[in-house]
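Undergrad: This is the structure, below, for whatever I ask next.
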Amino acid sequence: KILLGKKIDLLYLDACLMGTIEVDYEIKDMANYLVSSEAIGWSGNTRWDILFNQLVTDPTISADSLGILTAQTYFDSYIEPRTIAVKNLSKIEDIVKDIYNFAHYLRPYVSSHKTTIMNLRNQTQSFAPYLGGPNEYIDLYQFAELIRINSGMTNINLLNSIIKLEQDIESSLLYENNSGYLPGTVNGYSIWFPEDINTYNLGKTKYEQLLFTIVPLGKEWEIFLEEILTP
């Protein structure tokens, strides 16, 4: 952004596990729209010819329309389990505020509902950063929804924070598609939630260097993680 003097219109992160709220927050001021995957990013056969031909045919195509075409082209190019989403990065700040409220109102339940929270975390669709690695990332929307529906936690502020989070995630997505996953388990955004304290300790130092955890809004999520994972 500094070199160009403006935001990138459309950014396509053609790599694995880029569909995290932490990555989105890191680049929210650098681009307008983002195409990324919560899971493995299959990059071997991306049809750049289709995308570039579209640009040549219609150089005035909008960034959001090209983003949707990019995601659709990616999705149609593979048969393996896959996820892809197009996000409006102007909505990321609102989503992170929602995550703050979600974590803030969930934290008081950690001592009394720790087992329930971890069981729901383990029911949430998770993603490993490499083959055979720990499932460190979970689908943000599904986890919040499971807390809202199945946890027995009835604090009105907690429930309202989840509803707002769900609404803002939905409004930020221009396109989302996945295959090989159960319906409702992949929703465009994942978040770091290690399955045990050892995995958390291995990643904690690097996690604390992210913009997401440096700002107070994201720091609340990290505090929740430490409280829920610490024996």
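Undergrad: Assess whether residue 208 counts as being open to solvent by 20 Å² or more (accessible area, probe 1.4 Å) and within 14 Å of the chain's Cα centre (by Cα).
TA: When the stated conditions are applied, residue 208 does not pass them.
Undergrad: Checking residue 55 against (1) among the aliphatic types (A, V, I, L, M); (2) within 19 Å of residue 189 (Cβ to Cβ); (3) out of contact with any Lys or Arg (no Cβ under 7 Å at 6 or more places or on another chain), which single condition isn't satisfied?
TA: (2)
Undergrad: Cβ-Cβ under 9 Å, sequence separation 6+ or interchain: first residue in the range 137-154 and free of Cβ contacts under 8 Å to residues at least 60 places away in the same chain and within 10 Å of residue 193 (Cβ to Cβ), partner open to solvent by less than 20 Å² (accessible area, probe 1.4 Å) and of a type in the set (S, T, N, Q). Which pairs?
TA: Within 9 Å, the pairs are 138/124; 138/190; 143/124.
Undergrad: Which one is most open to solvent (accessible area, probe 1.4 Å) among residues in the range 64-97 that are of a type in the set (Ser, Thr, Tyr) and under 15 Å from the mean Cα position of the chain (by Cα)?
TA: Only one residue fits best here, namely 90.
Undergrad: Still on this model: Looking only at residues in the range 26-57 that are more than 17 Å from the chain's Cα centre (by Cα) and open to solvent by less than 50 Å² (accessible area, probe 1.4 Å), which one is farthest from residue 141 (Cα to Cα)?
TA: 51
Undergrad: Quick one: would you say residue 149 is aliphatic (A, V, I, L, M), in a helix (DSSP H, G or I) and either open to solvent by 50 Å² or more (accessible area, probe 1.4 Å) or in contact with a Phe, Trp or Tyr (Cβ under 7 Å, 6 or more places away or on another chain) (or both)?
TA: Judged against the criteria, residue 149 is a match.
Undergrad: To continue, here is another question. Out of all the residues in the range 138-162, which are β-branched (Val, Ile, Thr), out of contact with any strand residue (DSSP E or B) (no Cβ under 7 Å at 6 or more places or on another chain) and within 20 Å of residue 225 (Cβ to Cβ)? Before the answer, list the steps.
TA: The first filter runs over the range 138-162 and keeps only residues β-branched (Val, Ile, Thr), leaving 138, 147, 149, 154, 156, 162.
Still in the running and out of contact with any strand residue (DSSP E or B) (no Cβ under 7 Å at 6 or more places or on another chain): 147, 149, 154, 156, 162.
Hits for the range 138-162 are 147, 162.
Undergrad: Listed residues 141, 109; which is closer than 26 Å to residue 74 by Cα and assigned to a helix (DSSP H, G or I)?
TA: Result: 141 is the single residue among 141, 109 that is closer than 26 Å to residue 74 by Cα and assigned to a helix (DSSP H, G or I).
Undergrad: Which of the residues spanning the range 98-113 are touching an Asp or Glu at 6+ places or on another chain (Cβ under 9 Å) and surrounded by 14 or more Cβ atoms within 10 Å (Cβ to Cβ)?
TA: Across the range 98-113, the qualifying residues are 98, 99, 100, 101, 102, 103, 104, 107, 110.
Undergrad: Which one of these does residue 192 not meet: (1) farther than 23 Å from residue 115 by Cβ; (2) touching a strand residue (DSSP E or B) at 6+ places or on another chain (Cβ under 8 Å); (3) at pLDDT 95 or above?
TA: Failing condition for residue 192: (1).
Undergrad: Confirm whether residue 87 is among the basic types (Lys, Arg) and outside any helix (DSSP H, G or I).
TA: Yes, satisfied.
Undergrad: Here's a follow-up. Take the range 215-231 and flag every residue that is modelled with pLDDT of 95 or more and hydrophobic (A, V, I, L, M, F, W, C).
TA: Listed by number, the residues that qualify are 221, 223, 224, 225, 228, 229.
The values are calculated or read from the model by the stated rules, or taken from the named source; none is laboratory data. Predicted model, so just to flag it, every value in this text is computed and none were measured. Note: ideal-geometry Cβ built from the backbone for every residue, glycine included; neighbour counts use all protein chains shown. Quick note on the areas: whole protein, heavy atoms, side chains included, nothing else; ligands and nucleic acids left out. Shrake-Rupley method; radii C 1.70, N 1.55, O 1.52, S 1.80 Å.
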